[in-house]
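Report on the following structure.
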Amino acid sequence: MSETIIFSAYCAISSVFMLMTALEGWAMRGGWTLARGFGLAACPLWPLLLAAFILHTLLAPRRMPRLTRAA
């Protein structure tokens with residue numbers, strides 16, 4: 001049940017950003033260029049990258065840089 005809710009929310013958010021990207025191109029009277037196609041294709045992917053970055057930040061071991069003095 002919770003997977004369905006999460007998946008539905010993900011699709012809804014992704015759809016909103018795809019719509020915003022499409023409307024921005026339409027408002028600029030731009031044609032269907034390759035860059036616009038890649039922009040629309042990236043809309044469903046960026047939340048996955050954001051989630052991966054957040055998980056990495058939370059789960060990665062903390063490494064403190066060593067402070068050394070120059071000789």
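G30 falls short on exactly one of the conditions (1) in contact with a Lys or Arg (Cβ under 9 Å, 6 or more places away or on another chain); (2) of a type outside the set (D, E, K, R); (3) assigned to a helix (DSSP H, G or I), and that condition is (3).
Which residues, counting only those in the range 33-49, are part of a loop (DSSP other than H, G, I, E, B) and either among the basic types (K, R) or in contact with a Gly (Cβ under 9 Å, 6 or more places away or on another chain) (or both)? So that I can check it myself, show each step before the final result.
Taking the range 33-49 as the starting set, the residues that turn out to be part of a loop (DSSP other than H, G, I, E, B) are 33, 43-45.
The one that is part of a loop (DSSP other than H, G, I, E, B) and either among the basic types (K, R) or in contact with a Gly (Cβ under 9 Å, 6 or more places away or on another chain) (or both): T33.
Bear in mind these aren't lab numbers, they're just calculated from the coordinates by the rules spelled out. Nothing here was measured: the structure is a model prediction, and the numbers come from that model. So basically every Cβ, Gly included, is an ideal-geometry build from the backbone, and we count neighbours across all protein chains shown.
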